[in-house]
1. Any idea how many residues of the range A:107-130 are within 11 Å of chain B (Cβ to nearest Cβ) and assigned to a helix (DSSP H, G or I)?
2. Among the residues of the range A:47-57 satisfying the criterion of being in contact (Cβ under 8 Å) with a residue 12 or more places away in the chain and within 6 Å of DNA strand C (Cβ to nearest atom), which is farthest from the other protein chains (Cβ to nearest Cβ)?
3. I'd like the residue in the range A:58-78 that is within 12 Å of DNA strand D (Cβ to nearest atom) and either modelled with pLDDT of 95 or more or out of contact with any helix residue (DSSP H, G or I) (no Cβ under 9 Å at 6 or more places or on another chain) (or both) and, out of all such residues, is farthest from the other protein chains (Cβ to nearest Cβ).
4. Against the condition modelled with pLDDT under 95, more than 14 Å from DNA strand C (Cβ to nearest atom) and away from chain B (no Cβ under 14 Å), how does residue A:17 come out, does it pass?
5. All but one of (1) touching a helix residue (DSSP H, G or I) at 6+ places or on another chain (Cβ under 8 Å); (2) more than 7 Å from chain A (Cβ to nearest Cβ) hold for residue B:216; which doesn't?
6. With the structure loaded, tell me whether residue A:91 is at pLDDT below 95 and away from chain B (no Cβ under 14 Å) or whether it fails that test.
7. Could you please give the count of residues in the range B:197-237 that are surrounded by fewer than 20 Cβ atoms within 10 Å (Cβ to Cβ) and within 21 Å of residue B:145 (Cα to Cα)?
DNA sequence: ATGAGGCTCCGTACAGTGTTCGGAGTCGCC
DNA sequence: GGCGACTCCGAACACTGTACGGAGCCTCAT
């Protein structure tokens with residue numbers, strides 16, 4: 001049997017054909033246009049036909065540059081990860097400051113592209129992408145510089161990233177729903193109140209919680225919540241995994 | 001204007017029409033069949049027509065019980081959350097043991113239904129579902145019993161849940177990709193090696209990491225990784241948010 | 001008994017989807 | 001000049017979510 005049959009269906013596991021001329025469409029253009037479409041109209045609105053129209057191209061012209069829609073999404077995911085600030089070693093404030101900055105940049109990036117969290121759960125090989133690889137290596141380096149063993153650094157990174165992705169998933173879900181409603185956050189929460197109160201009936205703690213949240217600035221409270229949770233995670237990582245913890 | 005126009009597009013914000021007789025189709029049956037279909041064939045394979053066929057019903061018969069596919073997914077998500085072990089107050093081992101058990105049950109549940117992580121990013125109002133409400137209330141109670149204020153309990157719960165969802169997202173992505181490939185985990189990782197080595201080229205830490213992971217039992221290492229990360233998160237929550245921490 | 005109204009179920013239809021295939025055009029190279 | 005490789009695309013296929021209108025049935029007021 002041929003040795004190179006396509007057994008690993010990921011963009012990152014396939015040699016790219018070299019092209020010599022400069023064709024009208026390029027993979028970079030396609031990915032960039034897809035990203036723009038996703039940001040402006042959401043995941044459900046991304047179709048190959050619309051994408052082609054954005055590029056003044058036919059619907060099926062993309063298939064010479066991208067195997068299929070799933071792999072296009074893999075590419076776009078890596079493109080998004082390219083926007084995350086890569087943490088630098090040698091930060092005088094230590095690994096905690098560097099990781100905090102990276103985590104905050106990562107959350108901001110994911111929330112700038114809220115559709116991405118729906119894709120992450122199916123992009124099983126995303127970690128092979130060049131931007132993700134670069135980011136991963138840099139985070140490992142930061143932890144190692146802080147004295148972590150490679151295994152501990154991997155564990156610590158996975159924990160922090162999981163937290164960031166988890167928070168962003170719930171926040172992105174809210175943002176997406178809110179955007180679809182076309183209403184402002186204020187109006188939205190007000191209109192939601194009856195349903196929330198109904199859900200919290202017979203649950204006293206939920207009732208107190210919802211009552212206490214009324215009138216607060218939702219945006220700021222989300223930022224604070226993320227920051228405090230991140231402090232918790234880093235505190236635990238320091239205590240459980242750092243060398244002198 | 002009418003006071004009850006549908007401004008909040010969620011199942012949980014709409015009064016259910018009362019039916020008196022026992023019709024052929026019920027919302028419970030539909031949700032249950034959808035869950036089965038999702039578990040056996042994945043998110044992409046869930047279509048209203050297939051679902052109808054599973055229930056010996058026409059394609060459009062579901063629309064009398066469920067507003068549309070999105071709301072059906074909301075219902076299924078809450079159904080899944082119903083499988084999570086609700087933590088009990090009064091655990092003599094304290095809040096940490098109770099929360100650990102709940103988190104482990106939650107991860108196991110999400111991984112039993114790996115398609116769910118792709119839906120979580122769009123189910124913005126999932127927390128209004130009855131099962132989610134019940135679970136949330138119980139977790140808040142556990143933390144409060146441990147001496148947390150209601151705000152601290154909320155913060156702690158959100159942090160832990162975010163971690164669990166984040167870990168499960170990456171694990172579910174792997175599981176889904178693996179299932180689609182139709183290969184065993186062993187064979188899969190072997191076939192992936194060249195692509196991984198290519199991605200790790202010029203990244204020494206990634207190279208060491210991938211090399212070290214060869215031959216380990218991936219399943220066990222995932223379980224361990226989750227457990228350790230959870231310990232970190234709880235450690236930090238205890239230090240940062242618990243009353244006497 | 002009879003009609004009215006409401007509810008459940010579904011066949012049809014529409015607009016749109018991802019992707020395959022075959023053909024047309026264009027370029028560099030022998 | 002001709003060949004092969006590559007890029008682009010129109011047509012077609014099988015499928016999707018769901019709006020609509022009609023058919024059958026049940027309950028209740030008259």
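1. Residues that pass the stated criteria total 11.
2. Restricting attention to the range A:47-57, the residues satisfying the condition of being in contact (Cβ under 8 Å) with a residue 12 or more places away in the chain are A:48, A:50-51, A:54-55, A:57.
Right, trim to within 6 Å of DNA strand C (Cβ to nearest atom) and you get A:48, A:50.
Values: A:48: 16, A:50: 19 Å.
Out of the qualifying residues, it is A:50.
3. Start the filter on the range A:58-78 by keeping residues that are within 12 Å of DNA strand D (Cβ to nearest atom), which leaves A:58-66.
Filter again for either modelled with pLDDT of 95 or more or out of contact with any helix residue (DSSP H, G or I) (no Cβ under 9 Å at 6 or more places or on another chain) (or both), leaving A:60-66.
Working: A:60: 20, A:61: 24, A:62: 20, A:63: 19, A:64: 22, A:65: 19, A:66: 17 Å.
Within the range A:58-78, the match that is farthest from the other protein chains (Cβ to nearest Cβ) is A:61.
4. Spelling it out, residue A:17 is indeed modelled with pLDDT under 95, more than 14 Å from DNA strand C (Cβ to nearest atom) and away from chain B (no Cβ under 14 Å).
5. Single failed check for residue B:216: (1).
6. yes
7. The number of residues fulfilling the criteria is 1.
For every residue, the table says whether it meets (1) more than 7 Å from chain B (Cβ to nearest Cβ); (2) more than 16 Å from residue A:98 (Cα to Cα); (3) part of a helix (DSSP H, G or I).
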{"residue": "A:168", "(1), (2), (3)": "yes, yes, yes"}
{"residue": "A:179", "(1), (2), (3)": "yes, yes, yes"}
{"residue": "A:183", "(1), (2), (3)": "yes, yes, no"}
{"residue": "A:190", "(1), (2), (3)": "yes, yes, yes"}
{"residue": "A:223", "(1), (2), (3)": "yes, yes, yes"}
{"residue": "A:227", "(1), (2), (3)": "yes, no, yes"}
{"residue": "A:243", "(1), (2), (3)": "yes, yes, no"}
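The values are calculated or read from the model by the stated rules, or taken from the named source; none is laboratory data. From a predicted model like this one, the values you see are computed outputs, not experimental measurements. Glycine also receives a Cβ, built like all others from the backbone with ideal geometry; neighbour counts cover every protein chain displayed.
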